[in-house]
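Colleague: This is the structure, below, for whatever I ask next.
Bear in mind that the values in this text are calculations on the coordinates, not laboratory data. What you are looking at is a predicted structure, and each value in this text was computed from that prediction instead of being measured. All Cβ positions, even for glycine, are placed from backbone atoms using ideal geometry, and neighbour counts span all protein chains on display.
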Amino acid sequence: MNTIRDFRVLASGAALWLLAGLAGPVAAQSLTETLVTTYQSSPVLESQRAALRGTDEGVAQARALRRPSIDLEASVGLDASRDNDWDLADSYTAGLSASLRLYDHGQSAAAIESAKANVASTRAVLRNVEQQVLLAAVAAFMDIRRDQQQVTTARNNVSVLESQVQATRDRFDLGEVTRTDVSLAEARLALAQANLAAVQGNLQSALERYQAVVGSPATSLQSPPPLPSLPASLAEAESIAMRSHPSLEAARFAQTAAEFDLVRARASRGPSVNLTGGLGISNTDNQLGQNEDIDLRLGLGANVPLYRGGQLSSVVRQAEAAVDRAKFDVQDTARTIRQNAAIAWSNIAVARATIVANREEVRAARIAFEGVSEEASLGARTTLDVLDLEQDLRNAEFRLAASQRDEYVAVYQLLSAMGLLSVDYLNLGIPTYEPDINYNRVQNAPYSTVEGSILDKLRDRYGR
């Protein structure tokens, strides 16, 4: 019996069977298609886009401070009194009042600029969330690819060990080995079957993560495309990150908003001038529509807050603390971005070195396994020697699959750390969400909006 030849035939057959099962009748899905689906269907992105649209309204609300305020008031009363008999008297009043802030010591101007800065900050946050969602999709894709390779290896291992057990039993029947050798082979087969069940469980978990991130089940995944180009050095990567990362941009705009809030808090201690007017109609003589009293008012008022129990000073101190916090947040964000870029750069270097070592380990382990198997068939090696080297080969193949996945994910982590993991940079070829659509619609505080058609156009702009 040529044991090595039989092992190779069985292993090749198992691998072909698994690949055929994975391919199936459905066209294989590429990483690009995965990223496109994720971008277009992610509830995380939809939530953040809705948050941005809510922030846009802050500009409209700030601008409304400079516009007239008009109120309509009305009341109807019924009075009853008793002397010798019940007397009923009705009355009604109606009034229209208006006010316009003519001067507020810069409060409204600061409020508008603060709201604009908040919009810019939230837009940057959205871009960073897009990065996180796309990176999660890449990791989910590569996790499945890794686990599929490990399932293939584990299946091959079970097939090889099944042949090894049968060959050992045959040799035992011929008196060439002992019952201990048979038990060793059977024990190692049971371990391989347990390992296969474990990696199949890992693959199922990866499939569930993929569906949660992407929004659709993974059918058959293509090999990933070539890795995108990277900077020549860590210093260059860090420089790009400090210029481009949306988290740092968001922190800087948040600081700008806090500074304008401080201006607004200080301005609240200054004078304000309001123009007021009103028109009122009242009637108390039980004659509806007759003998109304008409009151027309127009006035100009000024106000200077002198003391409000310490509230004004407290508001200013609170705003000053918010500015200090925002400044430190910018510093901390910059440090974190630089750290993440360095970690991703290091992870790439480690993964690539590991791939080289693991490939050499697989090559050497395969040669050693085949050699020891031949020697064992001649009686020069024990069954335990063969089983140990087979285990070493399987572990080396597992580690190689893991390191290949780690390199790919680390490269995309570096792109994210540099602030470049976007639809445009990856050339996904799809429309992107355009935040200006909603901002331009609401920034001037329109009295009403046509929600349906506007939202339909907005969805069309980013491919929904």
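Colleague: Hey, got the dipole for the chain? About the Cα centre, +1 on K and R Cβ, -1 on D and E Cβ, debye to the nearest 20?
Modeller: Around 1380 debye, computed over the chain.
Colleague: Among Arg123, Arg399, which comes first, then next, by fewest other beta-carbon atoms within 10 Å?
Modeller: Ordered by Cβ neighbours within 10 Å, fewest first: Arg399, Arg123.
Colleague: Still on this structure, I have one more. Fully extended, how many nm does the chain gain between Glu360 and Thr178 (0.36 nm per residue separation, minus their Cα-Cα distance)?
Modeller: Full extension from Glu360 to Thr178 adds 62.1 nm.
Colleague: What does the net charge come to around Leu400 if you take all other residues with beta carbon closer than 14 Å to its beta carbon, with K and R at +1 and D and E at -1?
Modeller: Its environment carries a net charge of +2.
Colleague: When only C-alpha pairs under 8 Å and at least 6 residues apart count, what is the relative contact order of region 337-410, in percent?
Modeller: The normalised contact order for region 337-410 reaches 49 percent.
Colleague: Hey, another quick one. What is the calculated FRET efficiency for Glu73 to Tyr103, with r their C-beta to C-beta distance and R₀ = 30 Å, to the nearest 0.05?
Modeller: My answer for the efficiency is 0.70.
Colleague: I'd like the antiparallel share, as a percent to the nearest 5, of DSSP beta bridges with both residues in the chain.
Modeller: So the antiparallel bridges in the chain amount to around 95 percent.
Colleague: As a test of the formula, what do you get for the chain when each DSSP H run with n ≥ 4 contributes -39,500 (n - 2.57) and the sum is divided by the residue count, at 222 nm and rounded to the nearest 500 deg cm²/dmol?
Modeller: -24000 deg cm²/dmol
Colleague: Right, next: How big is the gap, in Å, between the Cα center of region 373-450 and the Cα center of region 187-218?
Modeller: Between the Cα centres of region 373-450 and region 187-218 lies a distance of 16 Å.
Colleague: So, one more: Taking the Cα centroid of region 100-127 and of region 43-72, what is the distance between the two, rounded to the nearest whole Å?
Modeller: With region 100-127 and region 43-72 each reduced to a Cα centre, they are spaced 11 Å.
Colleague: For region 63-72, what does the Karplus curve 6.51 cos²θ - 1.76 cosθ + 1.60, with θ = phi - 60°, yield as ³J(HN,Hα) per residue in whole Hz, taken in order and with x for Gly and Pro?
Modeller: Computed from phi, the couplings for region 63-72 are 5, 5, 5, 8, 10, x, 10, 10, 10, 10 Hz.
Colleague: Return the loop-located GluC sites (Glu not before Pro) in region 141-246 (DSSP other than H, G, I, E, B) with at most 15 other Cβ atoms within 10 Å of their own Cβ; answer none if there are none.
Modeller: Sites meeting the loop and neighbour criteria: Glu176.
Colleague: Now a separate question. Given (1) -0.57; (2) -0.72; (3) -0.44, which label gives log10 I(q)/I(0) by the Debye sum over Cα atoms at q = 0.08 Å⁻¹ as computed from the coordinates?
Modeller: Evaluating log10 I(q)/I(0) by the Debye sum over Cα atoms at q = 0.08 Å⁻¹ on these atoms matches (2).
Colleague: Would you tally the net charge around Leu65, using a Cβ to Cβ cut-off of less than 9 Å, leaving Leu65 out, and scoring K and R as +1, D and E as -1?
Modeller: Counting the neighbours of Leu65, the net charge comes to +3.
Colleague: Please rank Met142, Met418, Met242, fewest neighbouring Cβ atoms within 10 Å first, as an exposure proxy.
Modeller: Met242, Met142, Met418
Colleague: Test of understanding: ordering Phe253, Phe141 by Cβ neighbours within 10 Å, fewest first, what list do you get?
Modeller: Listed from fewest to most nearby Cβ atoms, that is Phe253, Phe141.
Colleague: Another question, then. Counting Lys and Arg as +1 and Asp and Glu as -1, each charge on the Cβ, what is the dipole of region 207-273 about the Cα centre in debye, to the nearest 20?
Modeller: 360
Colleague: Computed FRET efficiency, Cβ-Cβ of Asn303 and Gln331, R0 41 Å: what is it to the nearest 0.05?
Modeller: Efficiency at R0 = 41 Å is approximately 0.55.
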